[in-house]
Amino acid sequence: MRRTYTPAPALSVLETLRWAWRQLTSMRTALILLFLLAVASIPGSVIPQTGVDPSAVFAFRESSPELARWYDRLGLFHVYSSVWFSAVYVLLMVSLVGCFIPRARQYWRSFRAEPPNAPRNLDRLPVHREWTAVDSGAVVAERAHRVLRDRRYRVRRYVDDRGDQVVAAENGHLREAGNLVFHLSLLVVLFGVAYGSLFGFKGGALVVEGEGFSNTLTQYDEFEPGAWFDPASLDPFTFTVDDFAVTFETAGDQRGAPRSFQADVSYVEAPGAPAQQYDLRVNHPLQIDGTSVFLVGHGYAPEVTVRDGNGDVAFRGPVPFLPQDSSYTSLGVIKAPDAAPQQLGFEGFFLPTVAFDEQRGPYSAFPDALAPGLVLTAYHGDLQMDGQPQSVFVLDKERLRQFEQQGGEPFRILLRPGKTVQLPDGRGSISFDGLSRAVRLQVSSTPAKVVPLVGVLAAIAGLVASLFVRPRRAWVRVGRRDGDTVVQAAGLDRVAGGDLVGAVDDIVTAIRPRSRDMEHA
Amino acid sequence: MNTGLVDAGQFGYISDTAFVFATVVYALAMTAHIAEWASARRVAAPAAIRAQERVREPEPVGAGSPAGAAGAVGAPVDELSDEELGTERYGRVGVSLTVLAFLTHLVGVGARALAAERAPWGNMFEFATTGALAVTAAYLVALRLYRTRWLGLLVTVFVTIVLGIAMLTPAIYVAPGPLVPALHSYWLVIHVAAAALAGGAFCIGALSSLLYLLKSRAERRTAVEDRRGYLWRLPGSAEVDRVAYKVHAFAVPLWTFAVLAGAIWAEYAWGRYWGWDPKETWAFITWVVYAAYLHARATAGWQGRNAAIIALVGFATFLFNFVGINLFASGLHSYAGV
């Protein structure tokens with residue numbers, strides 16, 4: 001059997017929307033969203049992030065592929081651009097706007113409003129003073145008006161229904177103004193950050209000492225453009241790294257810690273412009289128009305010569321190796337595609353200061369090139385360099401065979417500068433001719449970065465005003481009682497914690513004439 | 001640098017000695033404050049209870065603060081009983097020792113700067129010693145402005161522990177030395193000084209919020225006749241809460257500035273002002289939590305206890321950023337071993 005019931009009056013769409021809007025813009029929701037934002041930020045500081053440390057993400061994928069698949073689904077490798085993180089801060093911003101608009105309207109109204117009338121009984125206010133004056137009511141009221149105006153109150157004078165002269169005063173509007181500026185500034189910051197990341201780019205390049213760099217896409221080892229970045233907008237500069245010097249701590253606890261890096265570069269801002277010099281250091285980037293070039297690291301580029309089985313030079317030049325640890329143990333590969341009859345490849349480490357250890361074998365004992373050496377294994381076969389572009393730091397070993405010693409152990413090469421090692425079976429040789437350094441440069445452009453800067457400064461100013469300005473109301477009433485001029489002064493703080501007593505006493509002292517014998521207390 | 005009288009190595013020795021001495025004096029100050037709290041256990045302090053009953057009445061906005069009421073911490077000596085006088089004396093010894101320890105601590109940080117010939121803010125040991133100095137400085141300022149001697153015990157315990165760990169843990173202690181190139185910037189001074197001052201104030205704010213939680217709980221649960229002991233010599237929970245808020249109101253804009261200074265420096269050093277490096281992320285989290293604290297204080301149903309808990313969470317995120325991130329996460333802020 002059907003029950004009969006009267007349904008609750010359904011909310012119309014408009015009412016539902018209004019209800020949802022009121023929920024979203026309530027302070028409680030804002031609080032919860034702030035917590036969510038804090039909590040949502042945590043995973044990105046624990047899980048490696050593509051935008052922060054891509055090699056750590058790569059290593060994580062290698063070591064736990066199953067977990068990495070889940071992380072990918074949840075966007076945990078790029079938390080700060082993930083849907084759920086964006087959802088939290090977009091909701092927070094909507095909530096902020098929803099809070100801001102009515103409060104701004106309210107502020108505008110109160111800003112234009114006159115100071116309110118005095119309460120009927122001033123003696124009921126928290127701080128109240130009363131005395132009898134010798135001067136006439138008009139003189140005292142005039143003085144009160146001036147005193148309050150000098151103390152930066154907005155002042156209004158009127159005569160109330162008892163015929164008393166009243167001076168009503170109010171100050172501290174900056175508190176709410178600061179609050180509004182603070183919240184508006186957060187929107188400005190968000191807008192500035194978004195603009196910069198949409199239209200900016202960040203790229204990295206490893207440049208060997210003595211070699212040059214021109215600002216085109218092909219010269220970058222990695223390049224991360226913003227979503228709306230136009231490659232045609234790259235500034236057409238070029239530069240050459242003339243010299244690079246690095247010093248390390250040689251003694252004490254901090255032995256091996258870097259002490260200074262400096263790259264001397266000569267650059268040309270645009271084709272045809274004169275060459276200029278710059279000393280590129282950490283904390284001292286080169287700025288060309290809107291683009292900045294930063295020295296972010298350095299490494300070694302051993303100069304090698306590879307000869308093939310025919311005795312011909314198959315490769316000659318510096319090869320950058322990637323530093324792996326604080327002792328600059330560096331990983332790299334050398335490819336000689338021109339070698340005949342078979343292509344040759346080498347893989348291994350460059351050690352700036354070679355030392356030996358029973359367990360580890362050769363390792364690097366110091367980051368500076370005190371006793372450099374190359375520790376390599378060698379391959380022959382097909383490097384597969386015809387197909388897709390491949391990394392200069394990886395050998396594709398699918399069609400390569402490793403050189404072996406008698407007994408099947410890999411053929412290992414320890415090469416010192418100036419030395420040459422012959423490969424087995426007369427298939428060629430490799431020589432370590434000398435050592436160059438390479439600098440890791442970051443080239444980036446973040447347009448409109450002054451916008452978030454101004455935004456944060458305004459936010460701080462607004463925050464300080466909203467925390468420290470105290471809205472205060474004060475009234476002075478002057479009336480005739482039994483032939484005397486009776487003056488009442490009172491104050492009311494709209495925010496707790498201020499020195500209201502001091503403020504009222506200060507006003508009273510200023511209104512009462514200095515010579516106290518003229519007064520009857 | 002050789003001034004003729006003392007060279008850099010001797011400054012290093014002076015600095016280390018000053019830190020040891022400061023730690024010992026902080027521990028003595030802590031002992032004095034423990035004695036203060038312990039001796040108060042015997043004092044029923046009826047005046048103090050009356051003072052706090054007054055707070056529980058609806059209090060007119062801006063009326064005189066109850067902190068100076070007779071029997072509360074820091075009252076005029078001639079109004080006190082013999083037992084109260086003893087408690088008062090221990091408290092004053094504690095404050096005097098804290099001032100002495102602070103001055104010695106300051107010498108330690110200053111000599112460290114002279115020994116290293118730079119601002120002494122390049123590694124964990126230096127951050128810890130400077131951060132602890134900022135905590136004591138914030139306490140002494142609060143003591144002067146708001147008569148917060150009731151924070152003495154918690155502050156001296158905290159600073160003694162931080163200095164002790166910094167001095168005694170081999171992984172943290174490093175001899176003074178030059179900086180890695182990334183730290184060669186005047187932004188180091190601006191960024192770290194702002195962060196340390198904000199951190200010192202956050203710590204004082206957190207300790208006040210902690211005492212607020214204890215005190216307001218006791219006010220709810222303790223019968224008037226059972227009200228004895230140190231907690232009842234504190235000002236009422238409303239006043240403790242007000243101090244906590246004032247300290248936080250100072251710290252939050254300063255922390256915002258510290259993060260901004262860090263971002264500007266990051267733009268110079270690393271080519272991006274914000275990169276979600278773990279340190280940056282946690283600085284952001286701390287900022288968001290303290291933003292929640294300020295909002296909570298303006299939200300019905302969130303004032304008082306909830307706001308105080310949020311303040312404690314905020315300080316926990318700050319501490320985690322300072323200690324945990326350096327130890328567990330590798331990022332651009334990892335310098336000089338730790």
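Structure summary
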| read-out | value |
| --- | --- |
| Failed item, numbered, when A:Ala489 is tested on (1) in contact with a helix residue (DSSP H, G or I) (Cβ under 7 Å, 6 or more places away or on another chain); (2) open to solvent by 10 Å² or more (accessible area, probe 1.4 Å) | (2) |
| Residue list for segment A:30-61, restricted to those being in a helix (DSSP H, G or I) and either more than 10 Å from chain B (Cβ to nearest Cβ) or at pLDDT below 85 (or both) | A:Pro54, A:Ser55, A:Ala56, A:Val57, A:Phe58, A:Ala59, A:Phe60, A:Arg61 |
| Out of A:Ser63, A:Ser110, A:Ser95, sole residue that is over 29 Å from the mean Cα position of the chain (by Cα), closer than 30 Å to A:Val39 by Cβ and of a type in the set (S, T, N, Q) | A:Ser63 |
| Verdict on A:Arg307 being buried (at least 21 other Cβ atoms within 10 Å of the Cβ) and not aromatic (Phe, Trp, Tyr) | yes |
| Yes/no for A:Arg255 being in a strand (DSSP E or B) and either modelled with pLDDT under 90 or touching a His at 6+ places or on another chain (Cβ under 7 Å) (or both) | no |
| Selected residue (criterion: nearest to the other protein chains (Cβ to nearest Cβ)) from residues of segment A:492-508 that are surrounded by 15 or more Cβ atoms within 10 Å (Cβ to Cβ) and more than 23 Å from B:Ala296 (Cα to Cα) | A:Leu500 |
| In segment B:81-118, the residues that are without any contact (Cβ under 8 Å) to a residue 60 or more places away in the chain and assigned to a loop (DSSP other than H, G, I, E, B) | B:Ser81 |
| Residue identified as at pLDDT 95 or above and more than 8 Å from chain A (Cβ to nearest Cβ) among B:Leu207, B:Leu260, B:Leu234 | B:Leu207 |
| Residue, nearest to the chain's Cα centre (by Cα), within segment A:468-518, restricted to residues that are among the β-branched types (Val, Ile, Thr) and within 18 Å of A:Leu174 (Cβ to Cβ) | A:Val469 |
| Failed item, numbered, when A:Arg105 is tested on (1) without any contact (Cβ under 8 Å) to a residue 12 or more places away in the chain; (2) away from chain B (no Cβ under 14 Å); (3) under 30 Å from B:Thr317 (Cα atoms) | (3) |
| Options A:Val265, A:Val193; residue that is at pLDDT 90 or above and in contact with a Pro (Cβ under 7 Å, 6 or more places away or on another chain) | A:Val193 |
| Residues of segment B:225-268 satisfying the condition of being outside any helix (DSSP H, G or I) and crowded, with 22+ Cβ neighbours inside 10 Å | B:Leu234, B:Pro235, B:Gly236 |
| Conditions (1) open to solvent by 30 Å² or more (accessible area, probe 1.4 Å); (2) in contact (Cβ under 8 Å) with a residue 24 or more places away in the chain; (3) not in a helix (DSSP H, G or I); number of the one not met by A:Gly408 | (2) |
| From B:Leu210, B:Leu153, B:Leu183, residue being under 25 Å from B:Gly12 (Cβ atoms) and crowded, with 19+ Cβ neighbours inside 10 Å | B:Leu183 |
| Cβ-Cβ under 6 Å pairs, at least 6 apart or on other chains, segment A:233-257 side within 14 Å of another protein chain (Cβ to nearest Cβ), far side surrounded by 18 or more Cβ atoms within 10 Å (Cβ to Cβ) and of a type in the set (Val, Ile, Thr) | A:Phe244/A:Val439; A:Asp253/B:Val174; A:Ala257/B:Val180 |
| Qualifying residue in segment B:293-301 (condition: in a loop (DSSP other than H, G, I, E, B), facing another protein chain (nearest Cβ under 7 Å) and touching a strand residue (DSSP E or B) at 6+ places or on another chain (Cβ under 8 Å)) | no |
| Evaluation of B:Lys215 against (1) of a type in the set (Lys, Arg); (2) open to solvent by less than 40 Å² (accessible area, probe 1.4 Å); (3) within 14 Å of chain A (Cβ to nearest Cβ) (one fails), failing number | (3) |
| Residue check for B:Ala311: at the interface with chain A (Cβ under 9 Å from one of its Cβ atoms) and among the hydrophobic types (A, V, I, L, M, F, W, C) | no |
| Filter pass, B:Leu114 being away from chain A (no Cβ under 14 Å), modelled with pLDDT of 85 or more and either surrounded by fewer than 19 Cβ atoms within 10 Å (Cβ to Cβ) or under 25 Å from B:Leu154 (Cβ atoms) (or both) | no |
| Selection count, segment A:129-148, where residues are touching a residue at least 12 places away in the same chain (Cβ under 8 Å) and either surrounded by fewer than 19 Cβ atoms within 10 Å (Cβ to Cβ) or in contact with a Lys or Arg (Cβ under 8 Å, 6 or more places away or on another chain) (or both) | 11 |
| Top-ranked residue of segment B:101-111 - restricted to ones that are among the aliphatic types (A, V, I, L, M) and surrounded by fewer than 19 Cβ atoms within 10 Å (Cβ to Cβ), ranked as nearest to B:Ala18 (Cα to Cα) | B:Val107 |
| Test result for A:Asp382, more than 14 Å from chain B (Cβ to nearest Cβ), surrounded by fewer than 22 Cβ atoms within 10 Å (Cβ to Cβ), among the charged types (D, E, K, R) and touching a strand residue (DSSP E or B) at 6+ places or on another chain (Cβ under 8 Å) | yes |
| Condition check for A:Ser436: more than 14 Å from chain B (Cβ to nearest Cβ), touching a residue at least 60 places away in the same chain (Cβ under 8 Å), within 30 Å of A:Asp242 (Cα to Cα) and surrounded by 16 or more Cβ atoms within 10 Å (Cβ to Cβ) | yes |
| Test result for B:Thr148, within 30 Å of B:Ile325 (Cα to Cα) and β-branched (Val, Ile, Thr) | no |
| Leading residue by the ranking (surrounded by the most Cβ atoms within 10 Å (Cβ to Cβ)) among those in segment B:314-327 that are at pLDDT below 95 and within 12 Å of chain A (Cβ to nearest Cβ) | B:Asn321 |
| Long-range neighbours under 9 Å by Cβ, at least six apart or interchain, first residue touching a residue at least 12 places away in the same chain (Cβ under 8 Å) within segment A:170-197, second open to solvent by less than 40 Å² (accessible area, probe 1.4 Å) and of a type in the set (Lys, Arg) | A:Glu170/A:Arg472; A:Asn171/A:Arg472; A:Gly172/A:Arg472 |
| Pairs where the first residue, in segment A:460-473, is within 7 Å of chain B (Cβ to nearest Cβ) and farther than 19 Å from A:Arg103 by Cα and the second is modelled with pLDDT of 95 or more and crowded, with 20+ Cβ neighbours inside 10 Å, C-beta under 6 Å, 6+ apart | A:Ile460/B:Pro253; A:Ile460/B:Thr256; A:Ile460/B:Phe257 |
| Residues located in segment A:196-214, provided they are surrounded by 18 or more Cβ atoms within 10 Å (Cβ to Cβ) and either within 16 Å of A:Leu295 (Cβ to Cβ) or at pLDDT below 90 (or both) | A:Ser197, A:Lys202, A:Gly203, A:Gly204, A:Ala205, A:Leu206, A:Val207, A:Val208, A:Glu209, A:Phe213 |
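The values are calculated or read from the model by the stated rules, or taken from the named source; none is laboratory data. Bear in mind that the values here come from a model prediction, so they are computed numbers and not experimental data. As a convention, Cβ positions derive from the backbone with ideal geometry for all residues, glycine included, and neighbour counts pool all protein chains shown. Calculation scope for accessible area: heavy atoms of the full protein, side chains included, ligands and nucleic acids excluded. Shrake-Rupley method; radii C 1.70, N 1.55, O 1.52, S 1.80 Å.
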